[in-house]
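See below for the structure under consideration.
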Amino acid sequence: MSDQQKPSIQQVRSKLTPAQIALLDQFWRNFLKKGEWPLTRVVYAPDRKDEVVQALSPLTGNIEREERNGAGKNVLYLSLVGILMTTKGRHYQKLLSRFLQFQHNLYRNKPEQDTVNAKDVAAALRLLPYES
């Protein structure tokens, strides 16, 4: 791979360890369940701090990152690339592709329409009720 080429999503995914995927899945499940990213101090609990450091240290900020949330607490959050690295990442990648195709078609066929509602997007992407 030359300096100019960036690895594909599949190439990045194939290099992740089971421990890394498990952590990314944990962060994403926390977000889906609670609507917020997990607190750093919870993830780095004393009984598993070494394994978490070992798993997360090779990952770049393009996958996961620590930041302060609105309440001023440190949280670990996933970027879009990080979400695509989770166990359900391939599903989300296909969903994103369908959404971008929907946007492209909307622009080509109705360029004057500058907004769409969630119900229209859900219908166009054939989302199940739990996905919308």
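Read-outs: derived from the displayed coordinates by stated rules, not from any lab. As the structure is a computational prediction, the values presented were derived from the model and not from experiment. In this analysis, Cβ positions are derived from the backbone assuming ideal geometry, glycine residues included, and neighbour counts consider all displayed protein chains.
Worth pointing out:
- Residues within the reach of a label modelled at residue 67 (point 7 angstrom out along Cα to beta-carbon, backbone nitrogen below 14 Å), restricted to region 23-51, are 36-38.
- The lysines within cross-link reach of residue 94, meaning a Cα-to-Cα straight distance under 30 Å and a gap of 8 or more places when in the same chain, are 6, 15, 33, 34, 110, 119.
- Principal axis extents of the Cα atoms in region 89-131, from largest to smallest and rounded to whole angstrom, are 32, 19, 12.
- Label of the coordinate-derived value, Kirkwood radius over Cα pairs in Å, listed as (1) 17.8; (2) 16.9; (3) 15.2: (2)
- Difference of contour (0.36 nm per residue) and Cα-Cα distance, residue 119 to residue 50: 20.4 nm
- In the calculated pair-distance distribution of region 9-84, the portion above 22 angstrom amounts to 17 percent of the Cα-Cα pairs.
- Applying the Karplus relation 6.51 cos²θ - 1.76 cosθ + 1.60 with θ = phi - 60° to region 102-112 yields 3J(HN,Hα) values of 4, 4, 4, 5, 4, 5, 5, 8, 9, x, 7 Hz, where x marks Gly and Pro.
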